[in-house]
Structures are given as structure tokens and as C-alpha cells.
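The values are calculated or read from the model by the stated rules, or taken from the named source; none is laboratory data. Treat the numbers as computed from the prediction; the structure is a model and nothing was measured. Cβ: placed from backbone, ideal geometry, glycine included. Neighbour counts: every protein chain shown. For accessibility, only protein heavy atoms count, side chains too; no ligands or nucleic acids. Shrake-Rupley method; radii C 1.70, N 1.55, O 1.52, S 1.80 Å.
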There are 2 protein chains.
Amino acid sequence: MAILRNRVSALKNLIEPKFDGYIATNPVNLLYLTELLGAADSLGAAAMLVPKDGESTLYIYGVNYEWAKAEAKNCTVELVKGNEELTKKVSEQIKSQKLKTLGFDTMTVKMNKKFSAALKGIAKLEDKPEYVWNLRKIKEKGEIEKIRKAAKLTVDGMQAAYDAIRPRISEYQVAAEIEYAMRKNGSYGVAFESSVASGSRSAYPHGGCGERRLESGDLVVVDIGARYKNYCADMTRTFVVGNSSTRQEKIHDVVKEAQERAFGGIKDGVRAADIDAIARTFIKKAGFEENFVHGLGHGIGLEVHERPTLNSLSKDLLRKGNVITDEPGIYILNFGGFRIEDTVLVKEGKAERLTRGLYV
Amino acid sequence: MAILRNRVSALKNLIEPKFDGYIATNPVNLLYLTELLGAADSLGAAAMLVPKDGESTLYIYGVNYEWAKAEAKNCTVELVKGNEELTKKVSEQIKSQKLKTLGFDTMTVKMNKKFSAALKGIAKLEDKPEYVWNLRKIKEKGEIEKIRKAAKLTVDGMQAAYDAIRPRISEYQVAAEIEYAMRKNGSYGVAFESSVASGSRSAYPHGGCGERRLESGDLVVVDIGARYKNYCADMTRTFVVGNSSTRQEKIHDVVKEAQERAFGGIKDGVRAADIDAIARTFIKKAGFEENFVHGLGHGIGLEVHERPTLNSLSKDLLRKGNVITDEPGIYILNFGGFRIEDTVLVKEGKAERLTRGLYV
């Protein structure tokens, strides 16, 4: 039996009693709440007003109005005309519904000023992004299926990278083969800019992808993700062009073992910081503490970086239904970098790797 | 002779006398000011402190530190350790330099609160995004060359769309061919999610790209952009699968003529709203006023939507060195959509189309 959850109703249930409404303006949150399939960048200025009692309304400009009216779930859709101001229109509704205290998700200082001016003496707004995060970080069955598909497409891309990597090919040509494989097999686009960082640039965790041509003996850190119906996957493998050196193999083994040990600890109820510590302690013992310059991982879903956060300072607990990454790395300036990353589904017992294979 | 402009010095020259410093935290602005080549999404939390007098500093976390230290221009780079808070670290520096009044670019309410707490009684912050926009909207020669290259790659992608479109192919397979052509020829990625909106979905301006298979007689609105070294291009063409109908041809002609007339008016010093009006008036006379549901265009550069804005309410003047889009459209529910878009360089005299050809 499938539970068909109305995400806006679920949001209302999370709102603390002192609030009589909520405003969402973050485009990704709006896609989440309405279940609209599209690019967050294309949404433009839009807002959803969620009164604690009564119907919720998505306010949207003409360029997206007919689309949203036809396809948005869990709300009614209202047109904001070209000569109307979004914040004014929402504020008028807050006034007419006599809402007094509202939470909101994320807002720029500029938008907050506009709301404050329009609502002076009428209603108060308070920063409450965690309500929507608390929904988004526990994935529904349908969301997990989409991430699973994105993960499968990402593995196809990684296989294409493996097949393409050879001396003289440029980083961007490898990326072309990766993205073509993912797209042809059904990807809706990339979850983030594909990274094919080779040679000494592999020592930068976000080394990117440029015109450099691969050379025999190079380390190549390939960090890629497909997107399927708005949902992201994230996977990294580290390759060597031609024959690997003993030093390269030894460090790769350290990262692989750190990743595996952390994976073994992932399950419902554990502290994210403790999982980070499993990988970090192992890497420290191997002598590379200073070279692991980032957290172990992050939540992933509609965005590539979501809650929960896996690093040494994280206060998050891992929960069944979280989808996270497990990605330790070792980066050595003027030598190169190593990172192995999988997208992982947190379960009650043993976790599930969604991006499997290609540990070369 | 090339003028090598230090963008941070240029920013200092724009700051009004009442400010003794500026804080940039928007990741795209940070890429602009430092001339770093990379994805804005990968930058994470970072900030640049620009004192009116003295050296500017980019504060950045460990994952990006070595990269930024090696490659960032126009500033020094300082590490923010994992257990340090970015806003606190910047605030300490503001305090030690005795800066009293600072402008900033864009900030969430949350980050603004953190700064306000750390700077209470010490310094005041004021929302001043326009300083950086005023720099970014006039493109330097090197930026124009990158956009020119992105535009050329985008035309390659559009040619691939033209070659791929046929009955039974799915929207995402067309996108696969488009993106492969752009990538193989040197693109660093897509400027935005490629849109291949066919059939009745072409009537949504942001119709996206899904699993629908094309049918004979379909309208297909293809809206794509390559990215070259961080710089975007943007181009739309409207195709018909197989033979076009007289109605389709007539409406396409209206959009084409509207686009051409607007293009003819673009030059240094004209009002953006007047250029929008040229296209809008022509479309209105043809009887489609209600079907042109968006502005005529937008600036483009490091982001796909930048300043200046071309719509009926815009207060912007077009200036030599702006790069903008010219993209009228007509959208008819249950019939289909038409849009023609080029990326255009504003000059003193006649403007220059950077995405030429394929008006099919």
C-alpha cells in the first residue's frame, strides 16, 4: 500500500503553534512542495503562502503560470501580472486572511525588506528553513526510486569515463562521453558540473574540467552525477592513465578502505559525526589526516548538497530514508588527489549503495 | 593595447564615499572578482572583504583553499578552518581594520543575522548589490570572447538538434545529441538545463525536456546554451517535425519579424523598455498580445539571467558592452509555442548577433 502524502499538509503539521502560516520562496522548496518537474532556475520569482488553516496558494508570474496551473499539486495557483509585485500580492493575502506570525524558508535581505515594509504593523516573519528541510531530508518512496534511477545513470556515465580515459584525450572530451552516455540512457541533465580533474589539478577537490590532455601516469578524479526527474545522484572514482605506481595504489587503498568502513557504520540512528570519524580516524592512522580537507559527505535529493551534513561538527543523526554521500578523499599538492564517493540510502539495518561498481 | 583591469580595484572605485568597505558573498560575484574558473555551486560558503583602502581578502574553507590560493586574482586568500565560522572571521577583520560602514552584495536573512550579531556596535552593513552588477553588466573584451565562443558552441548544439529531430525520437534523446555536440567541440557544460519542449508542452515557455516522443507535425521549441570558461550563451529555435502547417508558418513569421525588428533597434543608449516595445507592438498588431507572456530578454554572462532586463517595466538603458538576449515568443494553449532567441552584443552602432543561423 502506498501512502500518498500531500507535502503541503505535511508542512502544516510541522509548524509550531505560534505560527499561523508559512511562506516558501526558495525555488527548490517550491518544486518540492508542488511536485512540479522542472529546473529551479526557470521558476523565477515565485512564492507559496501556506496558511495553517485553509488552502495554500502558489503565486507565479505569467511565463510559468499556465504550466504551474496545469501541473502543480497540493495548492491553487495564482497569476502575478507583470506590473504586480510578488511580495505585495502575497502580503495583501496575509492581511486579508489576518495571519499574524509566519515562518519562512530562505530569503534574501532584499526580499525580506520588501515583505517587512508591506507587512508593517500587520504580521511578523521569522526565519524557519528547518521545517521544509525536515520534510526533504526523509525521502519518500517515489523520491528514492528517482534517485535510484539517477544513480544507475551515473554508473553508466562512470563506465563511459573508464572507457574513454587514455593518453592525449582532453578532460572535456572525457566529460562529453560521460554526459552523452547518461543522457542517451535517460538522464534529464547533470546534477552538477561534471568534474574530470587530472594530473596535479586532481589535488584540488573541486578541480573541475578543462582543456588539459591526459598523460600516462596521471591521476584522474571523476566526480559526476546524473539527474532524473529533478533528483540527483553523486559519484566519484579515481583512475590512473596507463600503469599505476605503488604510491598511487597504496593511497587509493587507504581511501577505499576508509570509504568502506564508513559505509559499514551507516544506519538509522547513528550520529553523522561518528560516521565521519570512522573514515577520518582510519585516514589519520595512515598518515594523511591533513590531506582529508573536507567532510565525509552530504545529503542529496532535489539538490546535490542537502541535509543531513556528514562532518566532524555535524549535530545530525542519520535517519532511515536519508540519502547521503560517503566520499573520503586524500589530496597531495604537486602529486594528485584521490576520492571515492557513493550515493547511499540509509536504512534501519545495513545501508544500500545506489552507485555501485567501478572501484578500479 | 589591452587594458588589464583589476576588478576589485574597479569595485573600490564605484563604492560611494559613505562606505569604507564592501563584503561580497554571492558565489558568482566571487568568481567574477577573483577571476576563478569553476562552478559557483562548488564554491560553498566564502566571502571577500574589500576595504576601501588596502588589500582585499577572500575567506574560503579548506576544500577550496589550495585551489583559490593558487588561482585567485586581485586578492589574498585566507583559510577558514572547519571549526571556524566564516562570518565571525570576516567580522574580526572588519573590527581590527576599524571599518564602520560596509556595503554588501546579496545575503540571506540568516547570514545577515550572523554578521549583525558579530558586528553589533562595531559596524553597519547595507544592501548594495548594484555595485557589482554595474561592473558585471559591461563585459570586458576577454569576457566577450568567452561568450562568443559559448555562442558558437551553442549554434553547434542547435545544428545537432536540427539533425536529430524526427518522428519517434524522444525529447531527451534530442538533448543528448545537442549536449554531446557542444561538449565535444569544447563546451565546459550547459549554461542551463536544455529545453526540448514538443507538442502541446511547447506552449509552456519553460516546457523543459522529458520522455515524450516527437510526432509528425509537432512544434519543438529548443532552448539551449553552452558554457565556455564560466560564460553562458542562450539560443532558441522553433522547429516543426516533418511538414509545417500554414498556421504554424504564419505565427513563426510573426515571431521572426518581431525578433528582427527588436534586433534592429538595439544599440548603445536606447531604453531596454523601448526595445521590448518594438517586438511587443508588432506581436500585438498581429493579434497575439496575450500570447507573449514574458519580457523580450535579459542580460547574460557568468549567469544566464543577468542585468540589464528587457521588459516593459525595465528602467535600464542598453550600453555598449552589454550582452543580452532578444527572444520574443507566442504561446497558444493546446496548440503550441514559438520562440526565437539570439544572444546579442550591444555596440555603439548596429548590434552583433553572437548566435547566428538556423532560422528554420
Selection from B:Leu49, A:Val8, A:Asn322, by position along the positive dipole direction of the protein assembly as shown (Cβ): B:Leu49
Backbone N under 20 Å from the A:Leu14 label point (7 Å along Cα→Cβ), restricted to segment A:102-139: A:102-108, A:125-139
Where a label projected 7 Å from the Cα of B:Asn134 along Cα→Cβ would reach, residues of segment B:258-291 with amide N under 20 Å: B:268-272
For the protein assembly as shown, with +1 on Lys and Arg beta carbons and -1 on Asp and Glu, the positive-most of A:Leu135, B:Leu345, A:Val196 along the dipole: A:Leu135
FRET efficiency estimate (nearest 0.05) - Cβ-Cβ, A:Leu37 to A:Asn83, R0 22 angstrom: 0.15
Cα-based Rg of segment A:160-204 normalised by 2.2 N^0.38 Å, two decimals: 1.20
In segment A:213-286, the GluC sites (Glu not before Pro) that fall in loop regions by DSSP, at most 15 other Cβ within 10 Å: A:Glu215
Other copies of B:Lys285: label-to-label distances in nm, shortest first, labels 7 Å along the beta-carbon direction: 8.0
Point-charge dipole on Cβ atoms (K/R +1, D/E -1) for the protein assembly as shown, about Cα centre, debye to 20: 1120
Assigned charges on the beta-carbon of Lys, Arg, Asp, Glu; segment A:247-353 dipole about Cα centre (debye): 240
Cα centroid of segment B:291-353 to Cα centroid of segment A:147-175, whole Å: 35
Debye intensity ratio I(q)/I(0), log10, segment A:141-353, q values 0.09, 0.11 Å⁻¹ (C-alpha model): -0.32, -0.49
Trypsin sites (Lys or Arg not before Pro) lying in DSSP loop within segment B:222-321, provided at most 11 other Cβ fall within 10 Å: B:Lys315
Largest to smallest accessible area among B:Val63, A:Val196 [probe 1.4 Å]: B:Val63, A:Val196
P(r), alpha carbons of segment B:1-76 - 10 Å bins starting at zero, rounded %: 18, 53, 24, 4
Shape call, segment A:124-179: gyration tensor on alpha carbons, a/c limit 1.5: oblate
Nearby lysines by direct alpha-carbon distance to B:Lys347 (threshold 27 angstrom, same-chain neighbours under 8 apart not counted): B:Lys12, B:Lys137, B:Lys139, B:Lys141, B:Lys146, B:Lys149, B:Lys152, B:Lys229, B:Lys256, B:Lys267, B:Lys315, B:Lys320
Within chain B, helix-based [θ] at 222 nm, where runs of 4 or more DSSP H residues each add -39,500 (n - 2.57), nearest 500: -11000 deg cm²/dmol
Segment B:20-62 - convex hull of the alpha-carbon atoms, volume per residue in Å³: 68
Segment B:138-184: trypsin sites (Lys or Arg not before Pro) in DSSP coil with no more than 12 other Cβ atoms inside 10 Å: B:Arg168
Cα centre as origin, Lys/Arg/Asp/Glu Cβ charges: segment B:2-136 dipole, Debye: 420
As computed over the protein assembly as shown, the Cα convex hull volume per residue (Å³): 163
Of the DSSP H helices in chain A, those whose Cα atoms cover at least 27 Å axially and whose Kyte score averages -1.0 or more: A:141-164
Identity and axial distance of the chain A residue whose Cβ lies nearest the axis relating A to B, Å: A:Tyr180, 2
At 7 Å out from Cα toward Cβ: A:Glu16 inter-copy label distances (nm, ascending): 3.7
Cα-based shape type of segment B:219-261, given that a ≥ b ≥ c are square roots of the gyration tensor eigenvalues and the cut on a/c is 1.5: oblate
Rh (Kirkwood; distinct C-alpha pairs) - chain B, Å: 21.9
Charge dipole of the protein assembly as shown about the Cα centre (unit charges at C-beta), most positive-ward option of A:Phe263, A:Ile169, A:Val63: A:Val63
Förster radius 60 Å - calculated FRET efficiency between A:Glu126 and B:Lys256 (Cβ-Cβ, nearest 0.05): 0.75
Kirkwood Rh (inverse of mean 1/r, distinct Cα pairs), segment B:218-327, angstrom: 14.9
Label distances, nm, A:Arg166 versus same residue in remaining copies, Cβ-directed 7 Å point: 2.8
Three principal axis lengths of segment A:2-136 [C-alpha, angstrom, descending]: 42, 36, 25
Calculated FRET value between A:Glu92 and A:Leu358, using beta carbons and R₀ = 60 Å, to 0.05: 0.65
Estimated inter-spin distance, A:Lys267 and A:Asn6, nm [label 7 Å along Cα→Cβ]: 3.8
